[in-house]
Amino acid sequence: MMRVRAKVILILLFVFSISALNAQDEIDEIVTLLKNFKYQELSKGLESYWEKGTKKIQYRWDIVQERELVNYYFEQIIEFNASFIEEGTNAIFDGYQLKIRLLKSKDGRIAYYKIVKMKFVDSLYYPLEIIIKVDSNSTLMELREDFYNTYTRELELRELFNEEIKYGKNCGFSGDGPDFRKEFENILKTKDIKALSNWLKSATAEIQLYAIEGILRLHKEGMNFDKKDLDLIEVIANKEGTAFFCSGCITKSYQISDIIKRIREEIYTK
């Protein structure tokens, strides 16, 4: 019995060591694809992984979020998944996920990238370690300048790539609002115009959506807002890309412009 257990442990250790080696090889390849800060090179390299799958390992990658930050600079999150297959059963026994977080221009220049390795725990992925974090000084400088000129505040990278913040009202099994909805209602109750103006200038699209809802609701009630803030709403309404929207138990990505259209309809048709 002890020999059988020892054999099983040795097999598992061998399998996991192979998995780790494969993971490191693929991480190194993806880092190489990014080194020239050209999105086309990354895209072509990731496409090639569809053909690299075997009976023992399968690859998949998806763009889970992409949205305009300012003036055709985009925030993008790519999920790269590798699944190790148990031979003869097609069952997945191990795997890993990488989150590739990018800031890029529409013409394909990468301003910033960050690769995070995720750990699978209880059916969910959690950040395990940051593999690499690099910016291309010149392109990121252009982006920072454009952001400041539009929002009159510095771009904070920590506000980006957030998949936890949702815009919505009655979300989850309990039907409670998301955390920011609760904070938003307090701001609305006290008619804190300054707080709404600050949220409008956030680099997080979902926070901007709360600000737009608040400003439009108070503006309808007769409160005055700086024209620059009202103009910013139009800038944000014309941004390309999606934001996380929750309703009930469902959270999906919807076009930012469509969410703002829905906000306006709900406020002005009542």
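Here is how the numbers come out for the structure above:
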{"quantity": "Principal-axis tilt of helix 227-237 within the chain, Cα atoms, nearest 10 degrees", "calculated": "40"}
{"quantity": "Entries in K117/K239; K182/K228; K35/K104 that, when Cα-Cα distance is taken, lie over 20 Å", "calculated": "K117/K239; K182/K228"}
{"quantity": "Under-5 Å amide H pairs with Y254, H placed in peptide plane, nonlocal only", "calculated": "A243, F245"}
{"quantity": "Value at 222 nm in deg cm²/dmol, rounded to 500, when DSSP H runs of n ≥ 4 in the chain each add -39,500 (n - 2.57)", "calculated": "-14000 deg cm²/dmol"}
{"quantity": "Dimensionless Rg over Rh [segment 167-268; C-alpha; Kirkwood]", "calculated": "0.94"}
{"quantity": "Global geometry of segment 166-216, whether rounded, prolate or oblate, following the gyration tensor of its Cα atoms and the 1.5 cut on a/c", "calculated": "oblate"}
{"quantity": "The chain: equivalent-ellipsoid semi-axes (sqrt of 5 x gyration tensor eigenvalues, Cα, Å)", "calculated": "42, 23, 14"}
{"quantity": "Convex hull of Cα atoms in segment 99-255, direction-averaged projection (nm²)", "calculated": "10.9"}
{"quantity": "FRET E, pair T54, E240, Förster distance 41 Å, beta-carbon r, rounded to 0.05", "calculated": "0.65"}
{"quantity": "Net lengthening on full extension, K194/E79 (0.36 nm per residue, minus Cα-Cα)", "calculated": "37.7 nm"}
{"quantity": "DSSP-defined beta bridges in segment 167-268 - what % are antiparallel, rounded to 5", "calculated": "65"}
{"quantity": "Note, ³J(HN,Hα) from phi for segment 197-204, Karplus 6.51, -1.76, 1.60, rounded to Hz, x at Gly and Pro", "calculated": "5, 5, 5, 4, 9, 5, 7, 9"}
{"quantity": "Between segment 35-112 and segment 219-267, the Cα center-to-center distance that results, in Å", "calculated": "29"}
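Each reported figure results from applying straightforward, stated rules to the coordinates on display, with no laboratory input. What you see is a predicted model; the values in this text were computed from it and never measured. Every residue, glycine as well, gets a Cβ built from its backbone with ideal geometry; the counts of neighbours run over all protein chains shown.
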